[in-house]
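Worksheet: one structure, shown below.
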Amino acid sequence: MYDCIIVGAGPSGGTAAYHLAKQGRSVLILEKASLPRYKPCGGGVSPAIAQWFDFDFSPAISVKVDSLRFTWNLEDPVEAKIGVKEPIWMVRRDVFDHFLVQQAQKQGAKLQDNTEVTGIEFTGDAWQVNTANGSFTGRYLIAADGAKGPMAKWLGFKDRKRHLAGALEAEVPANVENTSLAHFEFGLVKNGYIWNFPKADGYSLGVGSFIGGAPPQDFKKILDEYAQSFNVDVKVCQQYGHPICLWNGNQKLHTQNAVLAGEAACVVDPMTAEGIRPSIFSGLLAASAINRALSGDINAVEEYTNAINEQWGADMAWAQKLANAFYRFPKMGYSVGVKRPSGAQIMGKILCGEMRYGEVVNRALKRLIPGFGG
């Protein structure tokens, strides 16, 4: 009997496992893939996550980015240093996720990878988790199995407030001229953006559309055109399409002795599609809630839902307002927002966790939408 079974070894699952194991709880992580495993992702990580851990992430960081470059239809460039205390980390998810799980294992968490969960049932006062490799029992359960995982449905979360966005990504080996510069392109894709994030040995290229209403778009063609501007060919690389679970309003994230975390909890930023920091934050809060529940706090899992909604969701409501305005009027957004001298710094500080949307969105929307706010 484990104190907690965590399904999924991504950033939220690894974080929850680390913090629970550090408190002396018995933890089992179940992961369907074999670690380390590839995960399509731009790999930008806010350095703000360091405050939630007591170990050094350096071994898991590929490069650090202190400057951003924006374009509109590959032209009209804006480039600026972000001016933050610590640059944005760029990671490869196979390395980063595995590193986090290894820290949890050092604290005593047990990992069973290559083990797909086939079903769950609550029996008596514990969860039985069935897999192809046998059954496991835990007093509490964290569903951290991502955007496509079945756990939320099995736990009874049928009508989640989630907005599914789509992305296509590729990892391109290349000799990167400037590993401290990240690129964003806003004109070539409707209702989203294209990114090129540097790594030590290549680029992470991706295109995503984050709000509804856009006509069908040929992501492969768009990504190919964008990649050519960096003299790289994405057609020779494996490309991965995947859904992203964007935050879409406050919702219940707990049930009987179980919580949702990471993308299963739809915590991704609806403006930037940043997912790693919110996933880690949800894993941190999930571990805290379950630790308190194991100590006898009968309201702990319910308080997890409230904490996520208050400490993350409130700011994501502002992010959603900004996304709806910016991506519907992107040309105007580019000229009155991105091209402002402070635009790159503000976006960089939000990505680094040094600034919240609530501090800037009201002003931004007033520039985008005349008459906004009365």
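The values are calculated or read from the model by the stated rules, or taken from the named source; none is laboratory data. Every value quoted in this text rests on a predicted model; they were computed, and no experiment measured them. Ideal geometry is used to build each Cβ from the backbone, glycine not excepted, and the neighbour counts take in all protein chains shown. These area figures cover heavy atoms from the full protein model, side chains too; ligands, DNA and RNA do not enter into them. Shrake-Rupley method; radii C 1.70, N 1.55, O 1.52, S 1.80 Å.
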Next item on the list: Of all residues in the range 217-261, count the ones that are over 30 Å from residue 285 (Cβ atoms) and either without any contact (Cβ under 8 Å) to a residue 24 or more places away in the chain or polar (S, T, N, Q) (or both).
Entry: 11
Checklist line | Residues of the range 252-267 satisfying the condition of being open to solvent by 20 Å² or more (accessible area, probe 1.4 Å) and outside any helix (DSSP H, G or I) | finding: 252, 254, 255, 256, 257
Margin query: Pairs please, first residue from the range 123-142 and free of Cβ contacts under 8 Å to residues at least 12 places away in the same chain, second anywhere and assigned to a strand (DSSP E or B) and surrounded by fewer than 14 Cβ atoms within 10 Å (Cβ to Cβ), Cβ atoms under 8 Å, 6+ apart in sequence or on different chains.
Written below: 128/121; 128/135
Next item on the list: Looking at (1) crowded, with 18+ Cβ neighbours inside 10 Å; (2) in contact (Cβ under 8 Å) with a residue 24 or more places away in the chain, find the lone condition where residue 346 falls short.
Entry: (2)
Notebook entry, point to check: Taking the range 349-368, which residues are open to solvent by 50 Å² or more (accessible area, probe 1.4 Å), free of Cβ contacts under 8 Å to residues at least 40 places away in the same chain and touching a helix residue (DSSP H, G or I) at 6+ places or on another chain (Cβ under 6 Å)?
Noted result: 367
Checklist line | Residue, farthest from residue 24 (Cα to Cα), within the range 278-296, restricted to residues that are over 20 Å from the mean Cα position of the chain (by Cα) and buried (at least 24 other Cβ atoms within 10 Å of the Cβ) | finding: 289
Next item on the list: Would you point out the residue of the range 61-90, among those that are among the hydrophobic types (A, V, I, L, M, F, W, C) and without any contact (Cβ under 8 Å) to a residue 60 or more places away in the chain, that is farthest from residue 340 (Cα to Cα)?
Entry: 61
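Yes/no per residue for (1) at pLDDT 95 or above; (2) under 24 Å from the mean Cα position of the chain (by Cα):
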{"position": "308", "(1), (2)": "yes, yes"}
{"position": "318", "(1), (2)": "no, yes"}
{"position": "321", "(1), (2)": "no, yes"}
{"position": "326", "(1), (2)": "no, yes"}
{"position": "331", "(1), (2)": "no, no"}
Margin query: Just to verify a result, which residue in the range 303-333, among those that are of a type in the set (Asp, Glu) and buried (at least 16 other Cβ atoms within 10 Å of the Cβ), is farthest from residue 255 (Cα to Cα)?
Written below: 315
Notebook entry, point to check: Would you pick out the residues in the range 84-124 that are open to solvent by 50 Å² or more (accessible area, probe 1.4 Å) and either of a type in the set (Phe, Trp, Tyr) or in contact with a strand residue (DSSP E or B) (Cβ under 7 Å, 6 or more places away or on another chain) (or both)?
Noted result: 92, 105, 110, 116, 118, 121, 122
Check: Restricting attention to the range 185-197, does a residue exist that is under 20 Å from the mean Cα position of the chain (by Cα) and more than 18 Å from residue 333 (Cα to Cα)?
Finding: yes
Margin query: Given the options 335, 282, 288, name the one that is among the hydroxyl-bearing types (Ser, Thr, Tyr) and without any contact (Cβ under 8 Å) to a residue 24 or more places away in the chain.
Written below: 335
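Can residue 196 be described as without any contact (Cβ under 8 Å) to a residue 24 or more places away in the chain and either open to solvent by less than 20 Å² (accessible area, probe 1.4 Å) or within 19 Å of residue 69 (Cα to Cα) (or both)?
In short, no.
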Margin query: I need the full set of residues from the range 172-190 which are farther than 21 Å from residue 236 by Cβ, open to solvent by less than 40 Å² (accessible area, probe 1.4 Å) and of a type in the set (Val, Ile, Thr), in order please.
Written below: 189
Check: Just one of the numbered conditions (1) of a type in the set (Gly, Ala, Ser); (2) within 19 Å of residue 79 (Cα to Cα); (3) surrounded by 23 or more Cβ atoms within 10 Å (Cβ to Cβ) is not true of residue 227; which one?
Finding: (3)
Notebook entry, point to check: Do you know which of the residues in the range 37-55 that are within 16 Å of the chain's Cα centre (by Cα) and closer than 24 Å to residue 114 by Cβ is most open to solvent (accessible area, probe 1.4 Å)?
Noted result: 38
Note to self: I need the full set of residues from the range 333-359 which are of a type in the set (Asp, Glu) and not in a helix (DSSP H, G or I), in order please.
What the structure shows: 354
Note to self: Only one of 58, 26, 12, 34 is free of Cβ contacts under 8 Å to residues at least 40 places away in the same chain and either over 30 Å from residue 338 (Cα atoms) or within 16 Å of the chain's Cα centre (by Cα) (or both). Can you tell me which?
What the structure shows: 58
Item checked: Given (1) within 30 Å of residue 237 (Cβ to Cβ); (2) open to solvent by less than 20 Å² (accessible area, probe 1.4 Å), number of the condition residue 131 does not satisfy -> (1)
